[in-house]
Amino acid sequence: NTSLQEDHKPRILLMGLRRSGKSSIQKVVFHKMSPNETLFLESTNKIVKDDINNSSFVQFQIWDFPGQIDFFDPTFDSDTIFGGCGALVFVIDAQDDYQDALDKLQQTVTKAYRVNNNIKFEVFIHKVDGLNDDYKMESQRDIHHRANDDLAEAGLEHVHLSFHLTSIYDHSIFEAFSKVVQKLIPQLPTLENLLNILISNSGIEKAFLFDVVSKIYIATDSSPVDMQSYELCCDMIDVVIDISCIYGMVDETVEINTFNNQSSSLIKLNNGTVLYLREVNKFLALVCILREENFQKQGVIDYNFLCFRDAITQVFELRNKCQNALSIPRTR
Ligand code: GDP
């Protein structure tokens, strides 16, 4: 049973057939497990509610369901489970025959939509690391087509499914989760706007606002994201965390103890690019990519950053005040 307090938090459900990769995704994205270690994970056979709110800025929960859950079982309380859920991520193993998974997807969407028509449906076409590019595109097209046909058959052609090609062996899983989470952040346009203002006034090329623990970016400026820049920024976060875990001051009261709003880091690459990281608060960090010559005016950048940080703080203070109004999903 969810307590009243938990009902206020946007919730992400992770579902899919057994062995599709749900536990691995959860461990890799939210618990820093290395992809190879997931080979030894026990298969999920109960509902696991993983509350990552304590260490992560993004307040959401992952409910990991066993693949073979039966919606018609009276003990399955779909009102509670789908009622307060913001996004439903359905994982399909693309390396396997996916007919069964598609059947289950149709049942799941039908059931969930009936309970809560505000849910965002996200399909992860997963384990694509094992597929060549042609086959990857072909399966995406095929799954897209068949899933939408199935929905039309069930009279739900107006329900929108978003598709993402994912793998835990590269950054695609983080990218996909970033997109999923961003849809659940009501202040996203404001954050993007603030990032646009920051970069245009500071000679920055690209800026990401990261949830440090999960390496999900909760917002970026409106220039296109290229995977390489995102990967560079993720790697930078890993480096900074590692270094601060070794040399940082330990404060027992917070989980990511070596991280605070004074932290910053600078990495110069040998192609004339600078990566600059600044802490926004104990969960969020801003990571920027810029040309080395533009970094000579570091004072301007730092000043603009402080204005940016103030603005972000205000945005989220407002969020806390109106949280009740904003994040209780309406249910039928
Ligand atoms: P669950 O039953 O849905 O929780 O599935 P698991 O997380 O236990 O994963 C089943 C198997 O799939 C494990 O052996 C994982 O190592 C493997 N796996 C998960 N994600 C990926 C991926 O992106 N690529 C590949 N190649 N294997 C994966």
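The values are calculated or read from the model by the stated rules, or taken from the named source; none is laboratory data. All values reported here derive from a predicted model rather than from experimental measurement. Every residue, glycine among them, receives a Cβ derived from its backbone with ideal geometry; neighbour counts consider all protein chains shown. Keep in mind that these areas ignore ligands, DNA and RNA; they rest on the heavy atoms of the full protein, side chains included. Shrake-Rupley method; radii C 1.70, N 1.55, O 1.52, S 1.80 Å.
Below is a table of values for the structure above.
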| item | result |
| --- | --- |
| Principal axes of the stretch 132-229: Cα extent on each, largest first, Å | 51, 32, 24 |
| Share of carbon and sulfur in the accessible heavy-atom surface of the stretch 200-243 [1.4 Å probe, %] | 54 |
| Vicinal HN-Hα couplings computed from phi for the stretch 106-116 (Karplus, 6.51 cos²θ - 1.76 cosθ + 1.60; Hz; Gly/Pro x) | 4, 4, 5, 5, 4, 5, 5, 5, 5, 7, 8 |
| Solvent-accessible area per residue, Å², over the stretch 100-169 with all protein chains present [probe radius 1.4 Å] | 48 |
| Spin-label pair Ile246/Thr313, simplified geometry with 7 Å Cα→Cβ offset, distance in nm | 3.2 |
| Distant-in-sequence amide H partners of Ser162 (H built 1.01 Å from N, under 5 Å) | Phe121, Glu122, Val123 |
| Prolate/oblate/rounded call for the stretch 161-218, Cα gyration tensor, a/c under 1.5 rounded | prolate |
